Amino acid sequence: MDTRTQPDQTQSDTVGRDIDSLRKSIAHHLLYTVGKDSVAASRRDWIYALSAAVRDRLVERWMQTTRAQYSQNVKRVYYLSMEFLPGRSLSNALISLGLFDECHAAARELGLDLDELAALEPDPALGNGGLGRLAACFLDSMATLALPGFGYGIRYEYGMFAQRIVDGRQVEVPDHWLVAGNPWEFARPEVKYTIRFGGRIEERDRQAHWVDSDDVLAMAYDTLVPGYGTSAVNTLRLWSATSSEAIDLALFNQGNYTAAIEAKNASENVSRVLYPDDSTERGRELRLKQEYFFVSASLQDLLRRYFKTHAGVEQLADKVSIHLNDTHPAIAVPELMRLLIDERKVPWTLAWRLTTRIFSYTNHTLMPEALETWPVAMMERVLPRHMKIIYDINELFLDQVRRERPDDSDLLRRVSLIDEGHGRRVRMAYLSVLASHKVNGVSKLHSQLLKDTVFADFDALFPGRIVNRTNGITPRRWLALANPGLARLIDRHIGSAWRTDLEELARLGPLAADPAFATQFATVKAANKRRLADIISHQVGVAVRPDSLFDVQIKRIHEYKRQLLNLLGVVARYRRILAEPQRDWTPRTVIFAGKSASAYVMAKRIIHLINDVARTINADPRVDGLLKVVFMPNYGVSLAQAIIPAADLSEQISTAGTEASGTGNMKLALNGALTIGTEDGANIEIRDAVGADNIFVFGLSAAAVAARRAAGHRPHELLAADPELAAVLDDIGGATFSPEAPGRHGDIVASLTTHGDHYLLLADFRAYMDAQARIDALYADPTEWNRRAILNVAAMGPFSSDRTIREYAQGIWRVHPLSA
């Protein structure tokens with residue numbers, strides 16, 4: 001349905017789009033949906049009513065899109081992801097509908113401030129980091145391109161967690177994002193599927209029968225995903241676990257209330273929390289159950305949809321494409337085989353042929369510890385039928401390898417789906433590669449490293465299977481919504497077509513030399529920085545200079561992302577200012593944000609250290625006005641939308657060869673931040689796009705990292721040769737930043753010294769500091785800094801998720817837009 005229209009010209013609406021109709025619709029929902037009148041209504045009641053009114057204007061489009069998919073008998077792509085981070089829905093819906101001004105006016109007539117109300121909407125707690133945000137960008141682009149896409153995930157009751165900082169430490173508390181209800185979802189109590197765990201397999205009549213299982217029900221909740229500039233509205237279907245049995249009434253009537261609901265609670269735990277702590281056996285088992293829970297429900301659902309209009313499986317691979325967003329949904333491979341073989345009685349050979357035509361897989365990590373594996377014993381206990389299917393897939397695969405490579409006896413061990421050397425574990429990434437007709441990395445470097453390292457044997461066995469699809473971001477949320485001042489400025493000079501064709505931003509390039517445009521660009525940035533300074537003051541209680549260089553590192557806390565390298569640089573800068581107070585220092589505000597996984601001890605220690613360093617520096621009058629350090633808690637999409645437009649410098653400093661792509665680097669550059677980064681992930685492609693003069697690249701390359709590790713990295717030699725670095729580590733490991741507990745951060749120092757500095761922070765420290773010196777010098781020339789910032793924005797055309805999704809649709813999924 002390639003119905004390209006301006007958002008305010010689509011003809012599918014029967015609900016009025018004018019101010020009066022919107023005002024009446026809001027009032028109607030307040031009374032009849034919320035059940036309040038204007039006298040009794042709270043602001044949260046009003047935001048619910050307003051959201052329902054806006055949602056109404058998408059529903060008919062949604063129904064029309066669904067009908068078109070059936071009537072045109074299209075091939076659909078089903079995107080399976082453990083995470084989705086869509087951000088707030090109201091503002092995105094208004095952007096898609098082109099109703100921002102009308103809704104503002106309608107709210108004013110009701111005595112309301114739309115911006116204040118919109119800020120009350122909670123971020124859906126359906127993800128943690130880049131994986132979930134990428135999935136949300138992709139759904140946005142699928143709808144904008146009118147592609148028949150369908151997202152599947154879990155409706156987490158409490159998300160991952162809400163992060164609080166108490167005495168400098170991360171504390172995890174439940175994220176009650178659903179407590180006030182969710183006007184953007186539609187419950188589907190009639191759409192339920194039985195999900196089975198445990199039990200045993202009986203062989204009868206040459207068929208496997210899964211019996212004596214413990215069952216959970218998966219219930220569907222649908223969320224609308226509107227496209228921009230089109231009438232297409234796609235669906236994100238999330239699954240919530242419900243017990244297959246009610247409470248035990250006999251126990252309840254005996255007064256044993258806890259035991260009466262024990263089984264019900266155990267069943268429903270599956271969808272309570274994203275990524276439960278996997279430091280225990282029970283936590284790991286719950287995570288496996290989560291993955292199977294949403295995969296099984298999704299596959300049962302999509303097969304039901306297919307068989308509504310098809311009698312046999314012959315066209316299944318022509319009408320269904322299933323995409324695995326990282327390794328978490330890999331259990332979908334044996335589940336599809338089970339559903340076809342056991343439930344539909346499809347012969348094994350045909351079932352496997354269909355499976356390998358249907359699946360595609362995106363890998364998001366090179367690190368072996370992140371390539372998910374499951375103990376065979378656990379799989380046999382929790383999913384016995386799937387373990388048998390995996391054994392059979394592996395046996396047939398290894399027979400094929402023996403025939404094709406009879407002279408490489410070790411190859412069987414290397415490519416087997418069962419790792420026999422580490423307590424017998426199922427290699428889920430290998431299963432994904434084997435079953436998928438296409439496997440993609442997410443940057444040019446990452447895709448090449450996949451072929452050269454972790455999947456080298458599979459690349460040799462299946463040449464051409466591994467391809468690249470560099471990640472992208474949606475400009476609707478990350479520029480139009482996040483940075484309305486800059487969006488308006490761009491619109492005035494080149495028009496608004498960049499919202500669906502980001503390559504249009506190239507027309508800004510010549511304006512980088514235009515003093516009038518540069519002044520307006522700087523004015524927008526200054527306003528964004530003042531806004532963020534106010535947020536920092538309100539949320540963290542730290543006063544920062546809006547005219548200081550805002551140096552930003554906002555991402556999941558992990559050792560390979562090297563927030564710690566940034567912090568080493570902060571401490572070195574602090575020491576230098578104290579040593580030379582008379583110098584003309586460039587004022588800096590260093591901003592960190594991100595969550596650590598609840599069981600990741602070292603990442604949580606790094607958060608504690610950041611806050612200890614911030615506490616000390618921010619209280620030191622000798623550096624007041626020259627250096628501030630801020631850790632902003634509970635990082636999420638809405639906080640990112642406040643930080644990114646205000647950033648001057650984007651820290652993308654992961655160890656080369658560890659970051660698959662990154663998308664924060666793209667968002668920050670799109671909003672006019674200059675990047676300091678290693679030759680890692682998409683940083684390389686950003687450098688190629690913006691030009692080497694407009695980015696600060698430093699440090700070891702991926703090849704140099706591998707060579708240094710192979711030769712033996714010797715941290716103590718670096719410390720002996722660099723007194724400043726040694727002094728920085730002494731300060732961190734001593735009492736400078738934790739006078740009440742000297743040595744509190746000794747374990748962090750030990751990780752860099754006696755434990756080998758695995759991520760090579762010390763090896764890159766001096767190059768990092770040299771790059772920071774170049775940044776200081778450039779920031780002292782506001783005209784030149786501004787020019788380079790504009791050139792960064794102008795060069796971001798290749799990094800739209802619309803481009804990425806077109807490449808997936810054409811080269812991997814083979815799906816086409818709905819026709820008008």
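Table for the structure above
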read-out: Residue in the stretch 183-191 that is of a type outside the set (S, T, N, Q), touching a Phe, Trp or Tyr at 6+ places or on another chain (Cβ under 8 Å), more than 30 Å from Arg744 (Cα to Cα) and open to solvent by less than 10 Å² (accessible area, probe 1.4 Å) present; value: no
read-out: Residues being under 15 Å from the mean Cα position of the chain (by Cα) and either open to solvent by 10 Å² or more (accessible area, probe 1.4 Å) or aromatic (Phe, Trp, Tyr) (or both) - total across the stretch 84-95; value: 4
read-out: Elements of type strands (runs of 3 or more DSSP E) contained in the stretch 617-686, each with 1 or more residues being over 20 Å from Met769 (Cβ atoms); value: 627-632
read-out: Pairs where the first residue, in the stretch 130-144, is of a type in the set (A, V, I, L, M, F, W, C) and the second is in a helix (DSSP H, G or I), C-beta under 7 Å, 6+ apart; value: Cys137/Ser801; Phe138/Ser801; Phe138/Ile805; Met142/Ile805
read-out: All positions within the stretch 400-409 that are at pLDDT below 95 and open to solvent by less than 60 Å² (accessible area, probe 1.4 Å); value: Asp408
read-out: Cβ-Cβ under 8 Å pairs, at least 6 apart or on other chains, the stretch 678-689 side over 21 Å from Asn566 (Cα atoms), far side open to solvent by 20 Å² or more (accessible area, probe 1.4 Å) and part of a helix (DSSP H, G or I); value: Glu685/Lys444; Glu685/Pro798; Ala689/Pro798
read-out: Within the stretch 357-376, considering residues that are at pLDDT 95 or above and part of a helix (DSSP H, G or I), the one farthest from the chain's Cα centre (by Cα); value: Val376
read-out: Any hit, the stretch 47-55, residues being open to solvent by 10 Å² or more (accessible area, probe 1.4 Å) and more than 28 Å from Leu302 (Cβ to Cβ); value: yes
read-out: Boolean, Gly98 is in contact (Cβ under 8 Å) with a residue 24 or more places away in the chain, open to solvent by 10 Å² or more (accessible area, probe 1.4 Å) and over 22 Å from Gln810 (Cβ atoms); value: yes
read-out: Failed condition for Met82, given (1) part of a helix (DSSP H, G or I); (2) in contact (Cβ under 8 Å) with a residue 24 or more places away in the chain; value: (1)
read-out: Any chance Ala820 is open to solvent by 20 Å² or more (accessible area, probe 1.4 Å) and at pLDDT below 95; value: yes
read-out: Inter-residue pairs, beta-carbon under 6 Å, first within 30 Å of Leu147 (Cα to Cα) and in the stretch 204-228, second assigned to a loop (DSSP other than H, G, I, E, B) and of a type in the set (A, V, I, L, M, F, W, C), 6+ apart; value: Thr223/Trp184
read-out: Any hit, the stretch 627-641, residues being more than 18 Å from the chain's Cα centre (by Cα), open to solvent by less than 20 Å² (accessible area, probe 1.4 Å) and closer than 23 Å to Arg788 by Cβ; value: no
read-out: Residue list for the stretch 750-767, restricted to those being open to solvent by 40 Å² or more (accessible area, probe 1.4 Å) and assigned to a helix (DSSP H, G or I); value: Arg766
read-out: Residue in the stretch 66-76 that is more than 24 Å from Phe293 (Cα to Cα), touching a helix residue (DSSP H, G or I) at 6+ places or on another chain (Cβ under 7 Å) and buried (at least 24 other Cβ atoms within 10 Å of the Cβ) present; value: no
read-out: Index of the failed condition, Ser738 passing every other in (1) touching a residue at least 60 places away in the same chain (Cβ under 8 Å); (2) open to solvent by less than 30 Å² (accessible area, probe 1.4 Å); (3) closer than 20 Å to Arg562 by Cβ; value: (3)
read-out: Hits in the stretch 241-276 - residues which are surrounded by fewer than 20 Cβ atoms within 10 Å (Cβ to Cβ), within 28 Å of Glu372 (Cβ to Cβ) and touching a helix residue (DSSP H, G or I) at 6+ places or on another chain (Cβ under 8 Å); value: Thr242, Ser243, Ser244, Asn269
read-out: One residue from Asp776, Asp802, Asp747, Asp770 being among the acidic types (Asp, Glu), closer than 30 Å to Arg67 by Cα and assigned to a helix (DSSP H, G or I); value: Asp802
read-out: Near pairs, Cβ below 9 angstrom, 6+ apart or cross-chain, from the stretch 777-791 (closer than 15 Å to Thr586 by Cα) to any residue that is part of a helix (DSSP H, G or I) and not hydrophobic (A, V, I, L, M, F, W, C); value: Leu778/Glu784; Leu778/Arg788; Trp785/Tyr779
read-out: Residue within the stretch 54-64 that is of a type in the set (A, V, I, L, M), free of Cβ contacts under 8 Å to residues at least 60 places away in the same chain and within 30 Å of Ala317 (Cβ to Cβ) present; value: yes
read-out: Helices (runs of 4 or more DSSP H) wholly inside the stretch 237-352 containing at least 3 residues that are touching a residue at least 12 places away in the same chain (Cβ under 8 Å); value: 262-268, 281-309, 316-319, 332-338
read-out: Out of Arg206, Arg200, Arg196, Arg164, sole residue that is in contact with a Ser or Thr (Cβ under 6 Å, 6 or more places away or on another chain) and of a type in the set (Lys, Arg); value: Arg196
read-out: Sole residue being at pLDDT 95 or above, touching a Phe, Trp or Tyr at 6+ places or on another chain (Cβ under 7 Å) and of a type in the set (A, V, I, L, M), chosen from Leu324, Leu336, Leu354, Leu340; value: Leu324
read-out: Matching residues, the stretch 113-122, being touching a Leu at 6+ places or on another chain (Cβ under 9 Å), part of a loop (DSSP other than H, G, I, E, B) and surrounded by fewer than 21 Cβ atoms within 10 Å (Cβ to Cβ); value: Pro122
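The values are calculated or read from the model by the stated rules, or taken from the named source; none is laboratory data. Bear in mind the structure is a predicted one, so any value in this text is a computation, not a measurement. For neighbour counting, all protein chains shown are included, and Cβ atoms are generated from backbone atoms with ideal geometry for every residue, glycine included. Heavy atoms of the whole protein, side chains included, go into the accessibility calculation; ligands, DNA and RNA do not. Shrake-Rupley method; radii C 1.70, N 1.55, O 1.52, S 1.80 Å.
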